[in-house]
Amino acid sequence: MSAKAKRILIFDNDTSHHKHLLQLLPASEWELSIEHELYQATQRFKNRPFDFVISCLDMPDDEGEEFAFWVCENYPKRKVILIGSPDEDFSDQVDELRQHKSVLGFIPKPVPGLRLLGLLDQQSQGLEGQVQRMNLLDLLQMMRMNKPQCLVSFSDKLTRQEGILYLRSGEIIHAELYETHPKTLERYQKAEGIEAFNHIVQFKNGEFQEKNWTEPAQITIQLPFDSLSMNAAQFMDESAGPIDPFATAQENIILRNILLVDTDPMSRMIIQRALFAEGFNCISLKTPQEAMMAIDGDPIDLVITDTLSQHSFLRWLQKHYPQSPVVAIVNASEEELEEIEKLGHARLLAKPIDLRKLKQLLAEIGQTGFKGFLSQIGVFDFIQLNLSALDRKKLHIRDLATNIDAKVYIDRGRFVHAIYKELEGQEAFYKIVAIENGDFFEDPSFDPPKDTLSDIMPHKLMIQAARFLPVKTTEAPPVAAPASGVTSLFGDDEPLSINLGQNPLAAGGVSPEGGLSSLFGDEEITLNLGGSSDQGGITSLFGDD
């Protein structure tokens, strides 16, 4: 083990995740210790404080949260990373723990390697944190501008597809498209190269994850990114199916009007009340026949039904509402699974219905764009990305160099307000874009205290803010100055003559006499770049010879 290896204490009772972390963190660089009991974890830390703590918020009796608080309060110079199940909401615990400077951030399981290593690397630059509702092409544009090389996967749960993209030096060099069979769960490759990219950019919502870089087996894409994006847009136009006149949006799934078909009156009443409470319009009917007669032609954004066994209703839905997702309330028998598979976008919800899972499912289906963790992203590019999302957002950005918390309020393509310590408005905004190392999270609440920026055109504010970006300087290698002006780029032994003689149309631009053909005439021009010559010619750009 290296003498410089840093020590990490992992407090987690998930043995399978222990193996995952051990694979991510090589023993040559990290000394790992694992505990799953609170008393043993605190005692081990007291005996020899660790450099980092990875504490799981899934631990029983909130012990993961308790241990993280204990470390922050008793060992404030040690760093804490929070992890937990992506299916649970830990926002309250994370917000409270983030008040401590020791907490670097929260990562959902399974922990992605790049995200974890980015937090552990205290020299990393840029921002890191979770984004959501982001357009796939906008994400790619930001990644290609901020990362020399990047391997990222995009998953679309509705279509059961996964896309993997390899980015290097600002270009996409390889793409792979995979699909998972809904019944056997077998994952197989469906396409690669430009064909795969064209399908991946059609993903409407899902999750993305940065992965450890590996070289692709082959380079399948050689088009520049701009040309590749234009080709993909043309492919989408050509492959677009017939337009549904009743859909509220062709690009995104917007859930407003829900059709509920359920033969159980009690279940139907419970679900309808829950949907009304969440702000949905819900048409509740008993049988498919009633539905086909009552709503033919009405706008329907989502169908919830327990009658998938009736083939006529399935065919009717596919004909009249092909773009409307279907939530199936079923007992998952083999026959029902086969029917669900034919629907394509249907999702399973088991009986008896769990209203919490129903709400989660509706939020997932209605999600627009992608969510996931970003690391080492420039603040300027990150803010511009959120501006293009055309959404209402309050961004919390913490400057890790000064431990100052900043806020930026964005309302559908316009900046509203910015706060950086005691500064507000433009002054605060310029300070925020100059942050070199920080983390961020999105706050769903809005309500800015002031309006200091909405009167300024966003592009003008961004142009002005660019003046405050940190300048990265590189030291140029020393150049030895000649004794008397600039005498030669190649040496001082012999004068260098460049013949710009006759016949400028000679093949390759080379005259028959052997010189370079002149653009200005047919006379021979001799440029003497020799050392300290008294015979004329050009011996210095700055001297008097």
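Evaluating 6.51 cos²θ - 1.76 cosθ + 1.60 at θ = phi - 60° for every residue in the range 96-102, the Karplus couplings come out as 5, 5, 5, 5, 8, 5, 6 Hz, glycine and proline recorded as x. Packing-based ranking of 211-219, 103-111, 46-54 yields 103-111, 46-54, 211-219, ordered from highest to lowest mean Cβ neighbour count within 10 Å. 3J(HN,Hα) along the range 39-48, derived from phi through the Karplus expression 6.51 cos²θ - 1.76 cosθ + 1.60 where θ = phi - 60°, amounts to 5, 4, 5, 5, 5, 5, 5, 5, 5, 7 Hz, with x in place of Gly and Pro. Rolling a 1.4 angstrom probe over the protein heavy atoms with all chains in place gives the range 58-98 an accessible area of 53 Å² per residue. Based on every Cα atom in the range 7-82, Rg and the maximum pairwise Cα distance Dmax equal 11.5, 35 Å.
For the range 82-168, the square roots of the Cα gyration tensor eigenvalues, ordered a ≥ b ≥ c, give a/c of at least 1.5 with a/b no greater than b/c, which places it in the oblate category.
If you roll a 1.4 angstrom probe over the protein chains with everything in place, what fraction of the accessible area of the range 15-150 belongs to carbon and sulfur, to the nearest %? That fraction is 44 percent.
Computed over protein heavy atoms with a 1.4 Å probe, the carbon and sulfur contribution to the accessible area of the range 378-431 reaches 45%. Where the alpha-carbon atoms of the range 163-203 are placed on the principal axes, they occupy 39, 16, 13 Å, in descending order.
For the range 1-129, the extents of the C-alpha atoms along the principal axes are 38, 35, 30 Å, listed from largest to smallest.
When a/c reaches 1.5 or more, the comparison of a/b and b/c decides; with that in mind, is the range 123-203 rounded, prolate or oblate per its Cα gyration tensor? Prolate is the answer for the range 123-203, as a/c is 1.5 or above and a/b outweighs b/c. Each residue of the range 396-411 was assigned a 3J(HN,Hα) from its phi angle through the Karplus curve 6.51 cos²θ - 1.76 cosθ + 1.60 (θ = phi - 60°); the sequence is 9, 10, 9, 7, 5, 6, 10, 6, 9, 8, 10, 9, 10, 9, 10, 10 Hz, with glycine and proline shown as x.
The values are calculated or read from the model by the stated rules, or taken from the named source; none is laboratory data. Bear in mind that the values here come from a model prediction, so they are computed numbers and not experimental data. Backbone-built Cβ (ideal geometry, glycine too); neighbour counts: all protein chains shown. Protein only, heavy atoms only, side chains kept; ligands, DNA and RNA dropped before computing areas. Shrake-Rupley method; radii C 1.70, N 1.55, O 1.52, S 1.80 Å.
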